[in-house]
1. Using beta carbons and a limit of 8 Å, which pairs, at least six apart or on different chains, have the first residue in the stretch A:225-238 and more than 8 Å from every other protein chain (Cβ to nearest Cβ) and within 19 Å of residue B:121 (Cα to Cα) and the second one modelled with pLDDT under 95 and within 10 Å of the ligand (Cβ to nearest atom)?
2. Within the stretch B:42-67, can you find the residues that are facing another protein chain (nearest Cβ under 8 Å), closer than 15 Å to residue B:155 by Cβ and either within 16 Å of the ligand (Cβ to nearest atom) or touching a strand residue (DSSP E or B) at 6+ places or on another chain (Cβ under 6 Å) (or both)?
3. Which ones in the stretch B:159-172 are away from the ligand (no atom under 12 Å from the Cβ) and surrounded by 16 or more Cβ atoms within 10 Å (Cβ to Cβ)?
4. Report, by residue number, each residue of the stretch A:201-240 that is out of contact with any helix residue (DSSP H, G or I) (no Cβ under 9 Å at 6 or more places or on another chain) and assigned to a helix (DSSP H, G or I).
5. If you take the residues in the stretch A:340-351 that are farther than 15 Å from residue A:282 by Cα and more than 29 Å from the chain's Cα centre (by Cα), which one is surrounded by the most Cβ atoms within 10 Å (Cβ to Cβ)?
6. Suppose we keep only residues that are at the interface with chain B (Cβ under 7 Å from one of its Cβ atoms) and in contact (Cβ under 8 Å) with a residue 24 or more places away in the chain within the stretch A:201-213. Which one would you say is surrounded by the fewest Cβ atoms within 10 Å (Cβ to Cβ)?
7. From (1) more than 16 Å from the ligand (Cβ to nearest atom); (2) more than 8 Å from every other protein chain (Cβ to nearest Cβ); (3) over 17 Å from residue A:515 (Cβ atoms); (4) buried (at least 18 other Cβ atoms within 10 Å of the Cβ), pick out the condition that doesn't hold for residue A:216.
Ligand code: SF4
């Protein structure tokens, strides 16, 4: 079915509802619903497109709130947004989380940031504004928000309780033993096996979405590089992508290619780091040392290409600030084979150790159905058989480069490890291919005119899809910026993957997902 | 020769392929660091790292300072799992409200004398997150800070250099 047929079907059933493309970009379809029909429309899209809720968020418009719920139509290469307006004096809507579970976290987010009640959702506990420090009744993303005068010891968070003979709880964190971000993990165990894991996050909440409001596009770009530091390139690209879509700005092909190359380098240094991390967590130190050397090599390569180990300061509206000239191209073509040779050694060490394989095989299994229900995407999703990769399915920079997403079926630590190994090699390959396609051209388009409007920027970062929905106002400032880092959705996958595993395997399972605290907490 | 030995030797032989880090400089810095750790901290300077809301890149660089290329532990600098045996608390992030209590508790758990090092621009005064409704605006609003390592994030070499600088000034 063509997507027009799908839209016609919707239109015929609900003649009063407005359906149309975003005037700035034709890959976004907006369906203006009423609160009464919102859930029915979302459900129809969810089923028709086989898409989880990609993001759901609210916006405070002067006279009312608007809620957006978006889905990805992979085969149409389109994004579908269902919207509804909610009166300010009755800030509530009927939750869809019982029908589409992947909406659940977004419900909680909307409630805590806007004070809009998702009726019928049994779990509306706060995610980031911790009950212990933040008083009731202060909603940061409302335009008339005034911060509370006092914060401090207040309420308490209610953890899910598992009760019964011989059940005990093991609380871990927020501060962990290693050099790592803060999060709280509460295990309920019966003997050795974990029967429930509740992950409580939000500890690194910095109020980024509010901070973005009122900022110029350039200031927002700088903030985006600090949302999740190990994915700073993916984040800043997603932001630029949104702004460029609003402005109707076509960036030079060369700029797109440079972005793609750097995004792949970001993927490579992170994937190899995680592969080493998995080895570390079973106490296999030699491969983990080798992996950290490879990671360091890529950071040093990043410096030589862009002047920054984490590729900050490269993305700009209209393209990139740093070229990959002939010298840098030669450097890349020289170094990549060496990196791949070292990587091959790493692979061999891991695959020739039966005791290592024994630890990762069938550990931390995430079933495809569970992953689908929670909307798990990216590496973790592909390891459980969900073949979504925005590079293939939606992103223009990869058009014409032969590429297919890596997937596995088993959903265990081994599968996530293998996906990373395959993607690492694939990225090196992609870089070489893209280098071959580059022609002499400018690396940024500086002449563009400002426009107000909104659009979704999206990039397949190394963890998964990074989404920035941005609205720019007349004053040329950010009116609303909704960020979805893949970690936000994928943590739920981890809490199900560990069930029936033993606590000593938790670090291993955790590493195999390696989700961002900062990206989730915002 | 076993397979493992072969791999080890080949890794060592390869060295660093892209020469943006001068290994001899790291050695020199490291030796200074070692001397200071020997002199003031009985051969081992123990650091407890704590994230109060960083973006994660600062942590990544601290971890990198421990990779085989920089390998700070060979110079007597160790990252420890508990504040109970730490000489210094190394703090990243602008201090999210959710982390203020944990920061105080971690500091309280350290034995004296207590050094506090902030790492990364946002730990200094909130950096790019300054003015947010949910950050405390830097570590110094909560704890007495001994020294600061600037950068977003500082590179492993910069971290080494800053540690040398700190220990040189240390007379306690
Ligand atoms: S200083 Fe920069 S790199 Fe370090 S945590 Fe803050 S934003 Fe991230």
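1. Cβ pairs passing all conditions: none.
2. Passing the criteria: B:57, B:58, B:59, B:60, B:61, B:62, B:63, B:64.
3. Looking only at the stretch B:159-172, we keep the residues that are away from the ligand (no atom under 12 Å from the Cβ), and these are B:160-172.
Result: B:160, B:161, B:162, B:163, B:164, B:166, B:167, B:170.
4. So the first thing to find is which residues in the stretch A:201-240 are out of contact with any helix residue (DSSP H, G or I) (no Cβ under 9 Å at 6 or more places or on another chain), and the list is A:213-214, A:216, A:218.
The answer is A:218, and nothing else.
5. The qualifying residue surrounded by the most Cβ atoms within 10 Å (Cβ to Cβ) is A:342.
6. A:210
7. Against the list (1) more than 16 Å from the ligand (Cβ to nearest atom); (2) more than 8 Å from every other protein chain (Cβ to nearest Cβ); (3) over 17 Å from residue A:515 (Cβ atoms); (4) buried (at least 18 other Cβ atoms within 10 Å of the Cβ), residue A:216 comes up short only on (4).
Yes/no matrix, rows are residues, columns are (1) in a loop (DSSP other than H, G, I, E, B); (2) in contact (Cβ under 8 Å) with a residue 60 or more places away in the chain:
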site	(1), (2)
A:57	no, yes
A:67	no, no
A:72	no, yes
A:86	no, no
A:142	yes, yes
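The values are calculated or read from the model by the stated rules, or taken from the named source; none is laboratory data. What you see is a predicted model; the values in this text were computed from it and never measured. When we count neighbours, we look across all protein chains shown, and the Cβ atoms used for this are built from the backbone with ideal geometry, even at glycine.
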